[in-house]
1. Largest first, please: the extent of the C-alpha atoms of the range 133-247 along each principal axis, to the nearest Å.
2. Please find the FRET efficiency linking Glu417 to Val48, where r is the Cβ-Cβ separation and R0 is fixed at 35 Å, and quote it to the nearest 0.05.
3. If you count the DSSP beta bridges with both ends in the range 261-365, what percent of them are antiparallel, to the nearest 5?
4. For the range 159-176, list residues with backbone N below 15 Å from a point placed 7 Å from the Cα of Ser242 toward its Cβ?
5. At Ala321 and Val125, where each label point lies 7 Å from the Cα along Cα→Cβ, what is the point-to-point distance in nanometres?
6. Only bridges with both residues in the chain count here: give the DSSP antiparallel percent, nearest 5.
7. Please compute the volume of the convex hull spanned by the alpha-carbon atoms of the chain and report it per residue in Å³.
8. So if I take the centroid of the Cα atoms in the range 412-482 and the same for the range 242-270, what is the distance between those two points in Å?
Amino acid sequence: VTPVIHPRLLRSAALPLALLAMSAIGASPAPATGQSRTGSTREAWVDVYRPEAVSIAERALRDSAAWQRLAELTDTFGPRLSGSRNLELAIDWAEATLARDGLSVHREPVMVPRWVRGEERLEIVSPGPRALPMLGLGGSVGTPDGGIEAEALVVESFDALERRAAEARGRIVVFDVPYTSYGETVQYRISGAIRAARAGAVAMLLRSVGPVGMRTPHTGATSYVETVAPIPAAAIAAEDASMLARLQRRGMPARLRLSMGAHQLPDTASANLVAEWRGRERPEEIVAIGGHFDSWDVGTGALDDGVGCIVAWEVLRVIKAAGLRPRRTLRLVLFTNEENGLRGGYGYLARHRAELGAHVLMIESDLGVFPPLTMGFSGSPTARIRIEDITRVLLAPIGVDRVGGAGGGADIAPFAEAGGIPTLSIAGEMTRYFTYHHTAADTVERLDPRDIARAVATLAIVSYVVAEMPERLSDATARSTR
Ligand SMILES: [Zn+2]
């Protein structure tokens, strides 16, 4: 259960939190950890940023501005699938609103794929005729007019499909694969249609990739290969996948009728949105922070990834509002088309290749902000020590005290990998995130305004220190005890 905090309640809750954080950040450093033989702490270098961190935390934690802006985005424009008018209207709104925030903003055109879901329906014909909740998978082909009717063959793995391949011809293969982790289970969404088609199936249904929810189907991209004719692919709720498996075990396999109007239209124009708070001393060096502004066409894309975009945006707004202008440039990138193409991420690489050496750090959060919040970081050991020092001294007081082994996001990956640039992300509890991920239930109610505010404070403090510290993060040698 997600407790929903009404914004009115936050007004009273936020201030004590902000005050608590400010006094904790402002306190003298905790003894013992990292104490050197000479008596100075390993984190001494970061102490000088305490006043700015307090002022950033005070700004970020004192109200529900970030939640309110996310609600405005998702209430006004709803889902933002690539190629949709909603996405382009949302980009227009963001561009105008960023300019009103006093940031210099411009768009960088990117052509994006345009997949349209169309009308869709799944029914059990026998036994007991009924409709089942379903969502076609992104990129799927549609069915012929009148749909496809066939008997279900339920399998629990690719291996099981291989063993029963002789039975698959002419049937609708249903992958009833229990959710373990996203990375593992999503393989069935990505290549299930190819495997089923190879065995002669006429369509593929997938137990939704996510923990058992409230009979909720999860969409997401699927893929095809040129050597196998594509078949329609859709997700069903975990509960219904289990039910179809039970019917089959009782010797009563379901007869299904699937009809999908899904189709692909020609690529269409979209854009990455780039906004900057220019550095005062080394504007050519960049700390980039972003998220993906597109979403699937169900829900409102609040978690995936509206919140990542708004948190990144708020980082710039809060630092500027706190009267701070770091040495280096803070660059916000709202990427288009992560979900079904990653064209925004590759577009950024194509346009900014000359700046590969100028990016000091790239930040992207695309995993929700459910507590406990943690950061992930990928970079050199010396850079990691710096991030850990910042965390211990300036972030632990606001409840973020751990730096995980890897950080980053799909949109920044092409650029960061090309340039060997350190990457950082914020993440939260994954089970809750993946319960809502790619469903109609991905709405702003899932998010607690205080968690969003804390994510803003966290990334704003990290971004500020990395943009302000004299040496580049990647060049930083730990002035430490060893
Ligand atoms: Zn995402």
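Only the coordinates and a few stated rules stand behind these numbers; no lab work does. Predicted, not measured: the structure shown is a model, and the values here were computed from it. Cβ coordinates were reconstructed from backbone atoms using ideal geometry, including for glycine residues, and neighbour counts include every protein chain displayed.
1. 32, 28, 28
2. 0.60
3. Bridges in the range 261-365 are about 30 percent antiparallel.
4. 176
5. 5.9 nm
6. In the chain, DSSP labels about 55 percent of beta bridges as antiparallel.
7. It is 153 Å³ per residue.
8. Answer, in whole Å: 37.
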